[in-house]
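In what follows, a single structure is set out as structure tokens and then discussed.
The values are calculated or read from the model by the stated rules, or taken from the named source; none is laboratory data. Keep in mind the model is a prediction, meaning the values are calculated, not measured. So basically every Cβ, Gly included, is an ideal-geometry build from the backbone, and we count neighbours across all protein chains shown.
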Amino acid sequence: MNMTDLGELRERINGLNEEIVELLAKRAEVAKSIGETKRSLGLPVVDWTRETVVYEQVRALALRHDLNENDVERVFQDIVNLCTNAQLEGGR
């Protein structure tokens, strides 16, 4: 491995970061739509049962991809918070 290889790997990381942020933006847009639907149905924005299901799913995905399931769940806690905020802001 040399500095050129390191630079190329960092460029790959930069590209992946961009893809991750794009996916987060898409997820937030879907969350806004979910928030609108919940409001029209008179449902609360926060659904603890659904959040539990999401965390179970991502823990299983983490294991499938040989990632630490606790670490992945913590990342998704932040993602869920981001999307919950998007749902709340969508109601303004």
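Numerical summary
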read-out: Identity of the residue in segment 29-72, of a type in the set (G, A, S) and over 14 Å from A86 (Cα atoms), that ends up nearest to the chain's Cα centre (by Cα); value: A62
read-out: Failed item, numbered, when M1 is tested on (1) more than 12 Å from C83 (Cα to Cα); (2) assigned to a helix (DSSP H, G or I); value: (2)
read-out: Residues (farther than 22 Å from K26 by Cα and not in a helix (DSSP H, G or I)) located in segment 45-81; value: H65, D66, L67, N68
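Yes/no per residue for (1) in contact with a Cys (Cβ under 7 Å, 6 or more places away or on another chain); (2) at pLDDT 95 or above; (3) exposed (fewer than 12 other Cβ atoms within 10 Å of the Cβ):
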position: M1; (1), (2), (3): no, no, yes
position: E8; (1), (2), (3): no, yes, yes
position: A62; (1), (2), (3): no, yes, no
position: N68; (1), (2), (3): no, yes, yes
